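The values are calculated or read from the model by the stated rules, or taken from the named source; none is laboratory data. As the structure is a computational prediction, the values presented were derived from the model and not from experiment. Positions of Cβ are backbone-derived with ideal geometry, glycine not excepted, and every protein chain shown enters the neighbour counts. Just the protein is used for accessible areas: all its heavy atoms, side chains included, with ligands, DNA and RNA removed. Shrake-Rupley method; radii C 1.70, N 1.55, O 1.52, S 1.80 Å.
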Amino acid sequence: MTALASIRTTPGLDAYLDELEERLDAAVGAHGGVVSAVGAEALAAGGKRLRPLLVFLATPPSEPANVAAGVAVELVHMATLVHDDLIDGAAFRRGRASAWQEFGPDAARAAGDYLFARAFAELAGTGDPNDVALLADAVLCLARGEALQRRQRHDPDTSIDAYLERCALKTGKLFEAACGLGRGGLGAFGLALGIAFQITDDILDCSGETIETGKVAGTDLREGTPTLPLLLAAREDEVVRRALAGGPLDGALVRVAATSALTRSRELARAYALRARARLNGELGREELETLTDAVVERDS
């Protein structure tokens, strides 16, 4: 049994995920028109629903999981994917035409905004302003992370600390918010796990596999996004350095694999996973989160 499959046996999780999917459908389809159609396509593309899963697993066993919070964090995640594809000019997402490619840039931009709005409508409906503030802060961090990525583009001298800051803003903060919405005091766990998750994504982008986000391997190098494995490889190989800076790409991705960059990046991802596990403090009832932590960094898709 895979790690994620074992987590699916957690009591109450199947019912939570079933309700989650129903409410995602309802939230996206709440208003007709093009933006709703684009949102429905993004929803149909699927995904692991990892962020809603964190809401559930971070909820104390004695309390009911907040389905509205799970819906909200997934809608925010979907919105960022729609916008990211538009910004990056990515033609495909999870094997399907990206929203802007199929419906046009204006429709994709509006659909991303619509998904953000629907996320906050779902969460506001619970009547808890603290939850809304928590998610709003995470969305602000996402925007800051995207701006930081734009500034770092084609810069092989980007520091590792600056890269990790971007990982925290673009990925870690939404993981942190998902765990915070579970109200189990596990925000710090979510932040560390999110950074480990992003480093692993960036490794997979260099490994020749198509990863769960739908990006074709080598996307980061082609776009000049300075990820950890590319930055480390650029320090060892001048061909990789020139490619990351916007030069010729021929053979550069293969040369990344020939350096120590992937191994060193994997080590750092595991270090952040260990940091996340340490935040659990060995509490009873957190075995599923420990399993999830292992699954995040050892996945191959």
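Picking from 58, 40, 69, 65, which residue would you name as being touching a residue at least 12 places away in the same chain (Cβ under 8 Å) and within 17 Å of the chain's Cα centre (by Cα)?
Working: 58 fails: within 17 Å of the chain's Cα centre (by Cα); 40 fails: within 17 Å of the chain's Cα centre (by Cα); 65 fails: within 17 Å of the chain's Cα centre (by Cα).
Just one listed residue meets the conditions, 69.
Which of the following residues is surrounded by fewer than 18 Cβ atoms within 10 Å (Cβ to Cβ) and in a helix (DSSP H, G or I): 15, 30, 72?
On the way: 30 fails: in a helix (DSSP H, G or I); 72 fails: surrounded by fewer than 18 Cβ atoms within 10 Å (Cβ to Cβ).
Only one candidate qualifies: 15.
Are any residues in region 114-143 over 10 Å from residue 68 (Cβ atoms), surrounded by 15 or more Cβ atoms within 10 Å (Cβ to Cβ) and of a type outside the set (A, V, I, L, M), and if so, which ones?
Matches in region 114-143: 114, 116, 118, 120, 141.
Residue-wise test of (1) under 16 Å from the mean Cα position of the chain (by Cα); (2) modelled with pLDDT of 95 or more; (3) basic (Lys, Arg); (4) open to solvent by 40 Å² or more (accessible area, probe 1.4 Å).
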site: 145; (1), (2), (3), (4): yes, yes, no, no
site: 152; (1), (2), (3), (4): no, yes, no, no
site: 159; (1), (2), (3), (4): no, yes, no, yes
site: 172; (1), (2), (3), (4): yes, yes, no, no
site: 178; (1), (2), (3), (4): yes, yes, no, no
site: 183; (1), (2), (3), (4): no, no, yes, yes
site: 202; (1), (2), (3), (4): yes, yes, no, no
site: 205; (1), (2), (3), (4): yes, no, no, no
site: 214; (1), (2), (3), (4): yes, no, no, no
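Examine region 272-279 for a residue that is assigned to a helix (DSSP H, G or I), more than 25 Å from residue 53 (Cβ to Cβ) and at pLDDT 95 or above, and state whether such a residue exists.
No, every residue in region 272-279 fails to be assigned to a helix (DSSP H, G or I), more than 25 Å from residue 53 (Cβ to Cβ) and at pLDDT 95 or above.
Scan region 227-255 and report the pairs whose first residue is farther than 18 Å from residue 161 by Cα and whose second residue is hydroxyl-bearing (Ser, Thr, Tyr), with Cβ atoms within less than 8 Å and a gap of 6+ or a chain change.
Filtered contacts from region 227-255: 236/259; 236/260; 237/259; 240/259.
Could you please find all residues in region 237-263 being surrounded by 16 or more Cβ atoms within 10 Å (Cβ to Cβ) and part of a helix (DSSP H, G or I)?
Once the filter is applied, which keeps residues that are surrounded by 16 or more Cβ atoms within 10 Å (Cβ to Cβ) and part of a helix (DSSP H, G or I), region 237-263 yields 239, 240, 241, 243, 244, 252, 253, 255, 256, 261, 262.
Identify the single condition in (1) part of a helix (DSSP H, G or I); (2) at pLDDT 95 or above that residue 296 does not satisfy, given that it satisfies every other one.
Of everything listed in (1) part of a helix (DSSP H, G or I); (2) at pLDDT 95 or above, residue 296 misses just condition (2).
Which fully enclosed helices (runs of 4 or more DSSP H) of region 102-197 have 2 or more residues being closer than 26 Å to residue 31 by Cβ? Please lay out each step first, then the result.
Numbers: elements: 105-124, 129-152, 160-167, 173-181.
Helices (runs of 4 or more DSSP H) meeting the threshold: 105-124, 129-152, 173-181.
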